[in-house]
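**Q** Input: one structure, supplied below.
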Amino acid sequence: MLTVLRPKSQITIPSSVISSLGLKEGDQLDVYEDAGSIRIMPVVVYPKGYVNQLRSEIDQLKDNIKKGKTPVFDKLDSLFADLDKPTSED
């Protein structure tokens with residue numbers, strides 16, 4: 001699809017692309033050059049505290065794996081039941 005570069009370096013992204021990707025006003029897009037092409041990539045920005053919490057949980061899981069503290073489930077239902085259990089942080 002063709003679009004035109006307008007004053008202030010603005011372009012219009014075709015509505016079919018917007019719909020296909022489920023984008024809406026206010027969504028953030030990363031724009032960068034890649035081997036002579038302009039790439040536009042939708043991105044999600046998470047709060048720093050949330051990212052740090054995830055990192056901490058991943059580090060804890062890695063440590064548990066190293067210590068052999070990994071649960072074993074004989075059924076998928078058992079895994080989901082364990083995941084649904086409230087934690088001490090809930």
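**Q** Please go through the stretch 58-87 and give me each residue that is at pLDDT 90 or above, among the charged types (D, E, K, R) and surrounded by 10 or more Cβ atoms within 10 Å (Cβ to Cβ), ordered by number.
**A** Correct list: Asp59, Lys62, Asp63.
**Q** Which of the residues belonging to the stretch 26-46 are out of contact with any strand residue (DSSP E or B) (no Cβ under 8 Å at 6 or more places or on another chain) and within 15 Å of Ile13 (Cβ to Cβ)?
**A** Listed by number, the list holds a single entry, Gly26.
The values are calculated or read from the model by the stated rules, or taken from the named source; none is laboratory data. Just so you know, these numbers come straight off a predicted model, no measurement behind them. Using ideal geometry, Cβ is built from the backbone for each residue, glycine included, and neighbour counts are taken over all protein chains shown.
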